[in-house]
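Encoded as structure tokens, the structure appears first; notes follow it.
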Amino acid sequence: MDLQNIIIEKAATAKKAAAKLAFISTEIKDHALLAMADALEKRSEMIIAENAKDIEDGRKNDLKRSYLDRLMLNEDRIREMAEGLRQTATLPDPVGQGVYSTIRPNGLEIRKIKVPLGVIGIIYEARPNVTADAAGLCLKSGNAVILRGGSEAIRSNLAISSLLAKAAYEAGIPEGALQFIGTTDRKAVDYMLHLNDYLDVIIPRGGAGLIRNVVENSSVPVIQTGTGVCHTFVDASADFTMAVNIAVNAKTSRPAVCNAMETLLVHQDIAADFLPLVNAAMKEKQVEMRGCKRARIYCPDMIEATEDDWATEYGDLILSVKVVADIDEAIDHITKYNTGHSETIVTNDYNNAHKFQRRVDAAAVYVNASTRFTDGFEFGFGAEIGISTQKLHARGPMGLDELTSMKYLIYGEGQIR
């Protein structure tokens, strides 16, 4: 059987499973999630061994360190994956939840409830934790899922998905509800993008190239998760210690992820005193600093930033720095270059904090906190299916509610129109 027919067969199986999964009890779903979490931890050595092979191949193929960081699994990261599944099990089941009800003057009773989307396709790169996050969230929200991970993590994803599927089916989840396309052939993505008879939605997670390819070529509806050109603006009233800590965390704790800071904006009134402090702290973390002309006056060792830097998601230990006249220039810069992901201001000025949150157009807008908190687990969603930067249907970290649609239930007593 050729690859296209293999994928169609998997999708058809998933669609049949989805019809059953939509009506599985919360108890069975939660039991399955806990069993899946246990399976990951019990077989962590096997997962890490398979992951080590992916890491070795990545080094041979000269993957940059940020991609290797995304790819790497250890006991702690597997434990976090398992904890995400367990937290998802504790969350309220969205399926069947009432959203709205009314009785019309003609006596019709109208209710709106949440229902699963159906079959969700996830196309993602380099991060094997997505396999567990996506499987858990889709299962709890009553959706079947077809996963297609990147070639860099093929062994890791195969190991994780097989463990999860086995545990889920043994716990009562319909077989076929969790599918993984275990090929590195890029044609698999093209075939998935046109499975209109089987897939209800596709969600891409990865770099700008992957997302653009899916958005531009899919005939299946797409929920777009965006790249993260995230900013930190240090206002004139900011506490320097707080600002340095937030900036260093936002840039260096996981530079490869989409909620990492890419540009630091600094108010001109504090630039002379603040920039040397943050520059030294970043240098200690081996961050390459690229500054505007004004920033380089105070820190001559910075590389001169170009126009392209302001719009670049580095995904690496590189940071662009710009001195701005005031909060209005900071907001204008963010408006021009941001991707609608996460933005933060460090300030002790209440009015500026309120102004920043009101005027900055992004999925998550912070005051005095790192952009690194834009994450489903940190928001209490158990995990996330992705971070949507679009405005239709879902925006920000997408948890269980964002994986449901609506159905209207209407009760009558013989009314006609």
Of the criteria (1) among the small types (Gly, Ala, Ser); (2) assigned to a strand (DSSP E or B); (3) in contact (Cβ under 8 Å) with a residue 24 or more places away in the chain, which one SER101 fails: (3)
Which ones in the stretch 139-153 are in contact with a helix residue (DSSP H, G or I) (Cβ under 7 Å, 6 or more places away or on another chain) and in a helix (DSSP H, G or I)? LEU139, LYS140, GLU152, ALA153
Give the stretch 141-152 a look and list any residue that's of a type in the set (Gly, Ala, Ser) and under 29 Å from ILE24 (Cβ atoms), or say none. SER141, GLY142, ALA144, GLY149
In the stretch 76-101, residue modelled with the highest pLDDT [restricted to those that are in contact with a Lys or Arg (Cβ under 8 Å, 6 or more places away or on another chain) and among the hydroxyl-bearing types (Ser, Thr, Tyr)]: SER101
Applying the selection to the stretch 194-210, what residues are surrounded by 21 or more Cβ atoms within 10 Å (Cβ to Cβ) and either among the aliphatic types (A, V, I, L, M) or at pLDDT 90 or above (or both)? LEU195, TYR198, LEU199, ILE202, ILE203, PRO204
So the check is Cβ under 6 Å with 6+ separation or different chains; which pairs have a first residue in the stretch 369-384 that's under 19 Å from PRO204 (Cα atoms) and a second one that's among the acidic types (Asp, Glu)? GLY376/GLU384; ALA383/ASP133
Can you tell me how many residues in the stretch 163-179 are of a type outside the set (Lys, Arg), closer than 22 Å to ALA19 by Cα and either surrounded by fewer than 22 Cβ atoms within 10 Å (Cβ to Cβ) or over 22 Å from the mean Cα position of the chain (by Cα) (or both)? 11
Does ASP332 fit the bill of being at pLDDT 95 or above and among the charged types (D, E, K, R)? yes
Here is a list of conditions, (1) in a helix (DSSP H, G or I); (2) out of contact with any Pro (no Cβ under 7 Å at 6 or more places or on another chain), and PRO174 meets all of them except one; can you say which number that is? (1)
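The values are calculated or read from the model by the stated rules, or taken from the named source; none is laboratory data. Remember, predicted model here, so these are calculated numbers, not experimental data. For neighbour counting, all protein chains shown are included, and Cβ atoms are generated from backbone atoms with ideal geometry for every residue, glycine included.
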